[in-house]
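J.: My questions all concern the structure below.
Throughout, read-outs are computed from the coordinates displayed, never taken from laboratory work. The structure displayed is predicted, hence computed values, not measured ones. Ideal geometry is used to build each Cβ from the backbone, glycine not excepted, and the neighbour counts take in all protein chains shown.
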Amino acid sequence: MVKRIAVLTSGGDAPGMNAAIRSVVRTAIYNGFEVFGVERGFEGVINGQFALMQSHSVGGTIQHGGTILRTARSEAFKTPEGFETAISQLKERYIDYVVIIGGDGSMAGAMTLTEAGIETVTIPATIDNDMAGTEYTLGFDTALNTVLDATNKIRDTAASHERIAIIEVMGRSAGHIALMAGLAGGAEVILLPEKPVDIDAVCQGLIKSYKRGKLYSIVLVAEGIAKGYDIAEQIAERTTFKPHVTVLGYIQRGGSPSALDNITASRMGAVAVDTIIKGETNRLVAYQQGRIVTVPYDDVHNYKFGINPQVYELAGILSST
């Protein structure tokens, strides 16, 4: 019998997901598999939302953000009843392998399927770039460039009006977006979940910068450490500045993927299929030290890639000197 692969996207959407879907579908078909797309992630598995994919099914999709398969967070999948239904749906359709594209929660779902005897492969996709096992996740570069573009535009207005501009970006538990956008955009202050906030030191730094002749400043705040409006209020209480706040929100998730995200997604999709062909499933497709490799689920937590302290230190030096 022809082997069957199901592919789904789960959790938050990320630019590059469509390129990964396209790569999985066309690489699998090229190698003799049948491919089924599952709409709305694990919720779609439970509800039987499977559709046979052809090469033309993914035509004209690579340049779009989001995911053509759509995505959802499924609480039902975490229940015994929902999980059993999902397994039954996969078995009824004779699905041999499932490729999951998403973040930590998606990989956790893949691992539970593996424990139930379903062979899986996970492709990392989240703009936060915070998954164990891989240095890079799909969507991060696009989101970073979106934040940088917004920061540069906000800086123009901040400079014109001699203001402090506070920009709140995504990053609940990891500050990769704020750190790298802050370094690339020359932010005077970068606040991250990994670093405790010393608001008095922040205010003193802004005052020092002002006295040095810099009449505007950019403060990048990752949402996981504080709300932009709270930081603005605390700065206003301690100084004569009246900061203006911009919350970038979902704009960071959307838009056409960058070249890096589409190239990496295409390569990771092909590696996922190759991993299935080799019989080396139940792994995360990972980016490590410039190479795309696969890591067994049991080993992913041995590889933690937090923010680079040297990069954080450099951003501080460049903004204060």
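J.: What FRET efficiency do you get for ASN152 and ASN302 if R0 is 45 Å and r is their Cβ-Cβ distance, rounded to the nearest 0.05?
T.: Efficiency at R0 = 45 Å is approximately 0.70.
J.: I've got another one for you. Would you mind putting 164-170, 26-32 in packing order, based on average other-beta-carbon counts within 10 Å, highest first?
T.: Averaged packing, sorted descending, gives the order 164-170, 26-32.
J.: Hey, any idea what Rg/Rh is for region 1-109, computing Rh the Kirkwood way over Cα pairs?
T.: Ratio of gyration radius to Kirkwood radius for region 1-109: 0.95.
J.: If you don't mind, there's one more thing I want to ask. What is the helix-to-structure angle for 259-277, meaning the angle in degrees between its Cα long axis and the longest Cα principal axis of the chain, kept from 0 to 90 and rounded to the nearest 10?
T.: 30 degrees
J.: Additional query: Hey, any idea what Rg/Rh is for the chain, computing Rh the Kirkwood way over Cα pairs?
T.: 1.05
J.: Take peptides 84-93, 279-288 and line them up by average Cβ neighbours within 10 Å, highest first, as a rough protection proxy.
T.: The packing order, highest mean first, is 279-288, 84-93.
J.: Cα extents of region 102-232 along the three principal axes, largest first, in whole Å?
T.: Here the spans come out as 65, 27, 22 Å, largest first.
J.: Using 19 Å as the Cα-Cα cut-off, could you pick out the over-long pairs in LYS214/LYS242; LYS91/LYS278; LYS211/LYS242?
T.: Pairs exceeding the cut-off: LYS91/LYS278.
J.: Hey, rough spin-label estimate for GLN204 and ILE263, points 7 angstrom out along Cα→Cβ, what's it come to in nanometres?
T.: Each label point lies 7 Å from its Cα, and together they span 4.4 nm.
J.: Also, I was wondering about something else. Measure nothing but the geometry: give the 0 to 90° angle between the long axis through the Cα atoms of 104-115 and the longest principal axis through the Cα atoms of the chain, rounded to 10°.
T.: 20 degrees
J.: Show me the ranking of peptides 204-213, 172-181 by mean Cβ neighbours inside 10 Å, starting with the highest.
T.: 172-181, 204-213
J.: Assigning unit charges at the beta carbon (Lys, Arg +1; Asp, Glu -1) and nothing else, what dipole magnitude in debye, to the nearest 20, does the chain show about its Cα centre?
T.: Computed charge dipole of the chain: roughly 720 debye.
J.: With viscosity set to 1.567 mPa s and temperature to 4 °C, compute the Stokes-Einstein D of region 205-313, Rh being the Kirkwood radius across alpha carbon pairs; µm²/s, no decimals.
T.: Answer from the Stokes-Einstein relation: 70 µm²/s.
J.: What is the helix-to-structure angle for 199-211, meaning the angle in degrees between its Cα long axis and the longest Cα principal axis of the chain, kept from 0 to 90 and rounded to the nearest 10?
T.: Approximately 60 degrees, to the nearest ten.
J.: What does the helix-only formula give at 222 nm for the chain: each DSSP H stretch with n ≥ 4 adding -39500 (n - 2.57), the total divided by the residues, and the result rounded to the nearest 500 deg cm²/dmol?
T.: -13000 deg cm²/dmol
J.: Can you tell me which aspartates and glutamates have their Cα less than 16 Å from the Cα of LYS304? Leave out same-chain residues fewer than eight positions away.
T.: Once the sequence-local aspartates and glutamates are set aside, what remains near LYS304 is ASP104, ASP128, ASP130, GLU135, GLU194.
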